[in-house]
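Visitor: Here's a structure for you.
The values are calculated or read from the model by the stated rules, or taken from the named source; none is laboratory data. Model, not experiment: these values are computed from the prediction. Every residue, glycine as well, gets a Cβ built from its backbone with ideal geometry; the counts of neighbours run over all protein chains shown.
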Amino acid sequence: MSNKVKVNLGKESYDILFSSDFALSIKNHAEKVKSDCLIITQKNIANLFQEQFKVLHNIDNVFFIYLEDGEKAKSIDSIMKICNYMSEKNFDRSSKIFAVGGGVVGDISGFAASIFMRGIDYYQYPTTLLAMIDSSVGGKTGINLDKGKNLVGRIYQPKEVLIDTIFLSTLPGRQFNAALAEAIKYGFIYDRDLFFLINNNIENILQNRSIELIKKIITNCCEIKSDIVSEDVNENELRMILNFGHTIGHALEAYQNYKELLHGEAIFYGMKCAISISHKKGSLNESEYNTSMEVLNRFNLPLIKIQDKEKLIALIKNDKKFREKEINFILLDEIGKAYISSDIKMNDIEESLSCI
Ligand SMILES: NC(=O)c1ccc[n+]([C@@H]2O[C@H](COP(=O)([O-])OP(=O)(O)OC[C@H]3O[C@@H](n4cnc5c(N)ncnc54)[C@H](O)[C@@H]3O)[C@@H](O)[C@H]2O)c1
């Protein structure tokens with residue numbers, strides 16, 4: 001298994017590396033510049049890993065900012081706080097930002113880096129499984145607006161992504177489980193081997209958190225995301241297949257007011273519906289359908305009740321893919337092969353909701 005995945009984006013190419021010492025990596029990067037550098041993280045992460053962070057507190061040109069926990073941190077206020085802090089301390093164009101956290105920290109840090117002095121370097125140190133396999137790669141940065149998530153942002157690539165699996169030792173089980181939705185999604189849409197790697201080792205992954213297996217899964221996911229992003233940085237057709245399970249998943253999150261379900265849990269349900277439609281449309285055969293549903297049913301998901309089906313359907317219709325005239329829905333031909341269908345009717349979607 002390679003210890004490095006390259007994201008090929010011409011001048012903006014970067015490496016995703018594995019290391020067992022994230023703090024040393026930050027120290028080395030900071031020591032290469034005279035300018036001031038900023039670590040952006042959250043208090044609970046700094047507390048959990050205070051031993052590792054210690055070495056960074058005595059470096060003259062390294063400063064810390066702690067963000068609030070949760071989606072509310074993805075606000076323009078956080079961006080202003082970071083940018084004002086850097087400008088008051090006279091950070092300059094050679095300054096660096098180190099994002100040590102999950103998707104929230106990564107998205108905000110990347111956005112702040114993209115606009116401060118019209119763009120400074122930033123490095124991703126993902127601390128959640130979701131950030132390791134998804135959000136730290138691809139350069140999507142941004143914040144939320146009152147009307148919805150990630151409505152303001154930029155595509156701005158990090159200089160490097162460094163994955164230290166020590167962070168997984170403290171990650172709550174529910175978050176770990178939910179993040180695997182993204183991993184298995186990559187298996188469904190793109191990589192049959194990855195799907196069966198997860199399918200054949202579920203207990204070892206979920207209960208034992210076998211680090212060897214998890215590293216393999218993270219590497220596979222990063223390779224896939226890197227392939228997709230490299231070919232399609234502006235999110236055209238290829239990148240669209242990453243939305244497998246997301247049309248219904250997003251609507252479910254909104255239906256629950258973003259309170260009860262984690263994003264990954266909603267995507268698990270969304271994938272079940274998309275698989276059911278793929279089967280009904282005849283593209284996914286019986287045996288592949290059964291295998292797909294069986295594996296999804298082995299993830300521990302909170303039970304949800306849809307009491308107001310009309311409301312959920314209205315939310316699905318509100319999805320931007322539906323607002324355009326043609327409905328583009330991601331379906332499976334087989335495990336490992338997705339396609340974009342424009343032949344889906346609202347009836348198909350309504351029927352598939354029985355999988356929830
Ligand atoms: N940029 C992208 O391409 C992309 C892709 C997917 C998701 N996202 C964004 O990512 C965000 C979700 O990311 P997330 O799931 O990582 O959530 P998160 O960043 O909110 O982290 C979840 C919680 O886990 C805590 N935490 C982080 N690391 C920990 C650790 N090692 N041990 C214990 N607790 C830890 C955090 O403090 C937080 O309370 C959303 O805002 C979503 O929009 C972005």
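Visitor: Give the number of residues within segment 256-270 that are under 17 Å from the mean Cα position of the chain (by Cα) and in a loop (DSSP other than H, G, I, E, B).
Guide: 3
Visitor: Follow-up. Of the residues ALA266, ALA338, ALA274, ALA314, only one is small (Gly, Ala, Ser), outside the structural domain of THR128 (by TED's automatic domain parsing) and under 14 Å from ALA178 (Cα atoms); which?
Guide: Only one candidate qualifies: ALA266.
Visitor: Please state which one of LYS34, LYS27 is exposed (fewer than 15 other Cβ atoms within 10 Å of the Cβ) and of a type in the set (Lys, Arg). Reasoning before the result, please.
Guide: Values: LYS27 fails: exposed (fewer than 15 other Cβ atoms within 10 Å of the Cβ).
Unique residue meeting the criteria: LYS34.
Visitor: Filter segment 276-292 for residues that are in contact (Cβ under 8 Å) with a residue 24 or more places away in the chain and in a helix (DSSP H, G or I); which is surrounded by the fewest Cβ atoms within 10 Å (Cβ to Cβ)?
Guide: Looking at residues that are in contact (Cβ under 8 Å) with a residue 24 or more places away in the chain and in a helix (DSSP H, G or I), I get LYS280.
Visitor: When you go through (1) touching a helix residue (DSSP H, G or I) at 6+ places or on another chain (Cβ under 8 Å); (2) surrounded by fewer than 18 Cβ atoms within 10 Å (Cβ to Cβ); (3) of a type in the set (A, V, I, L, M) one by one for LEU303, which number turns out not to apply?
Guide: Here LEU303 clears every test but (1).
Visitor: Hey, could you check segment 139-154 for residues that are modelled with pLDDT of 95 or more and of a type in the set (A, V, I, L, M) and say which is nearest to the ligand (Cβ to nearest atom)?
Guide: Among those that are modelled with pLDDT of 95 or more and of a type in the set (A, V, I, L, M), it is ILE143.
Visitor: Just a yes or no: is a residue in segment 73-91 more than 16 Å from the ligand (Cβ to nearest atom), over 22 Å from ILE218 (Cα atoms), of a type in the set (Asp, Glu) and in a strand (DSSP E or B)?
Guide: No - not one qualifying residue is present in segment 73-91.
Visitor: Among the candidates SER136, SER169, SER210, single out the residue that is closer than 22 Å to LYS4 by Cβ, of a type in the set (S, T, N, Q) and within 13 Å of the ligand (Cβ to nearest atom).
Guide: Sole residue among the options that is closer than 22 Å to LYS4 by Cβ, of a type in the set (S, T, N, Q) and within 13 Å of the ligand (Cβ to nearest atom): SER136.
Visitor: Give the residues of segment 160-190 that are charged (D, E, K, R) and crowded, with 20+ Cβ neighbours inside 10 Å, sorted by residue number.
Guide: Selection gives ASP164, GLU182, LYS185.
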